[in-house]
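A short write-up of the structure that comes next.
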Amino acid sequence: MPEVDAVVVGAGFAGLYMLHYLRDKLGMRVQGYEMGDGVGGTWYWNRYPGARCDSESYYYCYSFSSELEQEWEWSSKYPEQPEILRYLEHVAERFDLNRSIQFQTKVTSARFDEDRARWEIETERGDRVTARFFISAVGCLSAANLPKIPGIDRFKGDWYHTGAWPHEGVDFTGERVGLIGTGSTGIQATPMVAQQAAHLHVFQRTPNYSIPARNFLMSPEDQRRIKDNYPEIRQIARESYGGFPYKLTLRSALDDTAEDREKHFEQLWAEEGGFKFIYGSYFDLLRNPDANDTAADFIRRKIREIVKDPVVAEKLCPKDHPYGSKRPPVDTHYYETFNRDNVTLVDIRETPIEEITEKGIRTSHGEYELDAIIFATGFDAMTGSLLKIDIQGRDGLTLARKWQDGPTTYLGLQVAGFPNMFVITGPGSPSVLANMPLCIEQHVEWIGRCISHMTEEGLDAVEATAEAEEGWGEQVLRAADATLFPRANSWYLGANIPGKKRVFMPYVGGFKPYSDQCEEVADKGYEGFVFSAAGARAG
Ligand code: NA7
């Protein structure tokens, strides 16, 4: 069986940098596997109309190479999917990464051979390879969630999931389209599909709080200013709660008078747009329900102002969860779209979907005839893609069994019982609540440092202890309980997948405290991990 030092699964932001780091910085033999026929990960699969990043382009990119930073030109504040994909393709070419990746290859199993302290990895195409390290870069929002609505097989029209969109695109001109789901994706797709379709029905289960993006094309001056200030921008991001280069005020929303608060929210809504509304405003929006209400009330007022039909406006107003407790969407003309004659909102809490018929979608109110259905119904987040691989650690323990009551990790990076397996942006990591590329860089560099330490010390295997894992699990829950996040039925909790154990998965204690803790663990000789020398068993 061919032998390499590390296998990296996935070729998105995480997989590409991990591969580059291990191969080119540490001189290891690395094999990458990727299901798609090209790099890009999330940005390879999510090609639905309106797909763009909710983070701003100048920080939603790698910082590890200042040459890359300086040479790449972002066209706008929020890059569209094709531009981010081009960026990642450029990175793969620039660092000559494609030669180390086998595309169109799904990893099906990974088993830890305890005697040899090596992982045996198999793919659907029949490849078998052994590796000292098995590293998952499969992404946390990559396993599409297709709800089990009865009758989908009967539907005579076309249907699509936004997370597996046809590469050639879809033309909805003249069609009657139904779109299910009003998360970040549905909110981005709705205005675009509405422009094409003869009629669009949006099937909404939970209304969402969306902030306008205020996108703009970057001028050469904007580009210059950013490039000249990159070291400072990155520094602010690294020191911040969310990994975003926004300076959070240390003011509570309740410290301001109602008038000053309104002015502040209005400026963020009308001029800045996007994540600044939540991550660059008051520090306690996600901590204090009264502070949160001030922002939620403001957004509901905006919805009622924008949407002309008061009945529709009321249906679009979220009332059952605090603002930001579900991933906050960012939009371009989402609420305005419901003023169009060819767009109808269907409240499926009031009139639930009963089945999909040959002709369309039937709710308790009646049948909606459709030519196409778009499922913008999200992902089996954080664990879905990893659990699609049959992963077996020490003593025959499978990851599926280990995680049957919810995922457990130490620092989001390792799982007790699974030596030499690392997870990038896994459960217990702050990544999904933070600036993803920055988190990925932090994880990759920490893993790289750990592997270098092992090489220097002649160590063969590393494994998180069960105690450290338990302690981290408690820390993740404590951090969540200090916030309003657990008050929503979100994918952070696994609540979007019927039958999935409800456990709050991401670490919400903040990017900076997290990265400091990771450094401290490493500085203290990898506290909470055990190492074993060549041939010996870890633990
Ligand atoms: P999300 O945020 O999980 O949103 C999925 C949407 O689909 C949401 O409105 C769900 O309603 C709805 N949904 C899910 N299942 C069903 C069923 N069975 N019936 C009706 N409606 C359903 O996924 P996105 O793709 O929008 O965004 C994922 C992440 O990508 C996003 O958070 C960013 O990080 C980027 P619900 O709210 O559960 O009632």
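Mind checking which strands (runs of 3 or more DSSP E) fall wholly inside region 59-167 and carry at least 3 residues that are within 25 Å of Ala197 (Cα to Cα)?
It comes to 158-161.
Rundown of residues vs (1) modelled with pLDDT of 95 or more; (2) within 16 Å of the ligand (Cβ to nearest atom); (3) charged (D, E, K, R); (4) touching a strand residue (DSSP E or B) at 6+ places or on another chain (Cβ under 9 Å), yes/no style:
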residue	(1), (2), (3), (4)
Glu441	yes, no, yes, no
Glu456	yes, no, yes, no
Gly499	no, yes, no, no
Val530	yes, no, no, yes
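Filtered by the rule that a residue be within 16 Å of the ligand (Cβ to nearest atom) and of a type in the set (Gly, Ala, Ser), region 407-439 gives Gly426, Ser429, Ser431, Ala434.
Give me the residue from region 428-452 that is aliphatic (A, V, I, L, M) and part of a helix (DSSP H, G or I) and, out of that set, surrounded by the fewest Cβ atoms within 10 Å (Cβ to Cβ). Selected residue: Val432.
Restricting Tyr492, Tyr514 to residues that are within 16 Å of the ligand (Cβ to nearest atom) and either farther than 23 Å from Gly393 by Cα or in contact with a strand residue (DSSP E or B) (Cβ under 6 Å, 6 or more places away or on another chain) (or both) narrows the list to Tyr492. Every test in (1) more than 23 Å from Arg52 (Cβ to Cβ); (2) crowded, with 19+ Cβ neighbours inside 10 Å; (3) in contact with a Leu (Cβ under 8 Å, 6 or more places away or on another chain) is passed by Tyr323 save one, and that test is (1).
Summed over region 150-159, the residues that are surrounded by 17 or more Cβ atoms within 10 Å (Cβ to Cβ) and either within 16 Å of the ligand (Cβ to nearest atom) or hydrophobic (A, V, I, L, M, F, W, C) (or both) give a count of 1.
Here Ala144 clears all of (1) surrounded by fewer than 22 Cβ atoms within 10 Å (Cβ to Cβ); (2) over 30 Å from Val177 (Cβ atoms); (3) among the hydrophobic types (A, V, I, L, M, F, W, C) except the condition numbered (2). Contact annotation: residue pairs with Cβ atoms under 9 Å, 6 or more positions apart or on different chains, pairing a residue in region 161-175 that is under 19 Å from Gly186 (Cβ atoms) and among the charged types (D, E, K, R) with a partner that is assigned to a loop (DSSP other than H, G, I, E, B) and away from the ligand (no atom under 16 Å from the Cβ), are Glu175/Gly157; Glu175/Ala197; Glu175/Ala198; Glu175/Asp371.
If a residue must be in a loop (DSSP other than H, G, I, E, B) and buried (at least 23 other Cβ atoms within 10 Å of the Cβ), how many such residues does region 378-392 contain?
Number satisfying all stated conditions: 4.
Applying the condition of being in contact with a strand residue (DSSP E or B) (Cβ under 9 Å, 6 or more places away or on another chain) and aromatic (Phe, Trp, Tyr) to region 42-90 and asking which residue is farthest from the ligand (Cβ to nearest atom) yields Tyr78. Quick check: anything in region 118-134 within 16 Å of the ligand (Cβ to nearest atom), touching a helix residue (DSSP H, G or I) at 6+ places or on another chain (Cβ under 9 Å) and touching a residue at least 12 places away in the same chain (Cβ under 8 Å)? Checked against the condition, which is being within 16 Å of the ligand (Cβ to nearest atom), touching a helix residue (DSSP H, G or I) at 6+ places or on another chain (Cβ under 9 Å) and touching a residue at least 12 places away in the same chain (Cβ under 8 Å), region 118-134 yields no hits at all. Taken as a whole, the condition of being within 16 Å of the ligand (Cβ to nearest atom), in a loop (DSSP other than H, G, I, E, B) and modelled with pLDDT of 95 or more does not apply to Pro191. Just one of the listed residues (Thr455, Thr425, Thr409) is closer than 28 Å to Ser65 by Cα, among the hydroxyl-bearing types (Ser, Thr, Tyr), buried (at least 22 other Cβ atoms within 10 Å of the Cβ) and touching a residue at least 12 places away in the same chain (Cβ under 8 Å), namely Thr425. Residues in region 73-102 that are within 22 Å of the chain's Cα centre (by Cα), in contact (Cβ under 8 Å) with a residue 24 or more places away in the chain and closer than 25 Å to Lys25 by Cα: Ile84, Leu85, Tyr87, Leu88, Glu89, Val91, Ala92.
Checking each residue in region 194-237 for being within 16 Å of the ligand (Cβ to nearest atom) and without any contact (Cβ under 8 Å) to a residue 60 or more places away in the chain picks out no residue at all. Taking the criterion of being out of contact with any Ser or Thr (no Cβ under 6 Å at 6 or more places or on another chain) and either more than 15 Å from Pro329 (Cα to Cα) or aromatic (Phe, Trp, Tyr) (or both), the residues of region 203-217 that qualify are Phe203, Arg205, Tyr209, Phe216.
Highlighted here are the strands (runs of 3 or more DSSP E) found entirely within region 300-370 that include at least 3 residues which are touching a helix residue (DSSP H, G or I) at 6+ places or on another chain (Cβ under 9 Å): 343-347.
The values are calculated or read from the model by the stated rules, or taken from the named source; none is laboratory data. As the structure is a prediction and not an experimental result, all values here were calculated from the model. Here the Cβ is made from the backbone with ideal geometry for all residues, glycine too, and neighbour counts use every protein chain on show.
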